[in-house]
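Contents: one structure, followed by commentary.
The values are calculated or read from the model by the stated rules, or taken from the named source; none is laboratory data. These numbers were taken from a predicted model, which means no experiment stands behind them. Ideal geometry is used to build each Cβ from the backbone, glycine not excepted, and the neighbour counts take in all protein chains shown.
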Amino acid sequence: MSKAWCVFTFLVGIFILSGCASGPYHAIPYDVQQDKERNLKIVVLDKDLDNQFSSKRIVILTKKVEWTEDKRMKVYCEIRNMKDEMLRLQIQTLFRDDQGFQVGDDTNWELVLIPGYTTYAYKTAAFSPKAKDYTIRIRKAQ
């Protein structure tokens, strides 16, 4: 009885493990040109902040880029809280050179509190003159 049970268990194990040996697997190409962080200047990372099927939680009113006297990029944007409750956000800016590579001037995640139905003016500047492009990332505070 025990010998038959061992053979049965062995055959079931072989049958289960044979399902794992399939393939060959092909790599799925990733199109960098369709990446939202490369195409959009402001990216909202949480779906419930920018839901197209219900009322939006935040709206980006304006965005602007200026240059300092020493050729550094300054970025501005206005974020509007469209609800009555206090909104806790984290905002980060990624700076890129003219070829799209990050220059290492990424800002830390900044905690922002926006009261209901008010607008917050976010602004930051790059540390080096290498920055030619930017992406502002917005998410709910953790």
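I'm checking my understanding of the structure. Among residues of the range 76-135 that are assigned to a strand (DSSP E or B) and β-branched (Val, Ile, Thr), which one is farthest from Leu40 (Cα to Cα)?
Once the filter is applied, the top-ranked residue is Ile114.
Could you go through the range 46-58 and let me know if any residue there is at pLDDT 90 or above and surrounded by 13 or more Cβ atoms within 10 Å (Cβ to Cβ).
Yes, because at least one residue in the range 46-58 is at pLDDT 90 or above and surrounded by 13 or more Cβ atoms within 10 Å (Cβ to Cβ).
Let me confirm something: among Gln142, Gln99, which residue is within 22 Å of Asp35 (Cβ to Cβ) and either within 16 Å of the chain's Cα centre (by Cα) or of a type outside the set (Val, Ile, Thr) (or both)?
Checking each option against the conditions leaves just Gln99.
If you check Glu66 against the conditions, is it over 22 Å from Val44 (Cβ atoms), more than 17 Å from the chain's Cα centre (by Cα) and assigned to a strand (DSSP E or B)?
Yes; evaluated as a whole, the condition is true for this residue.
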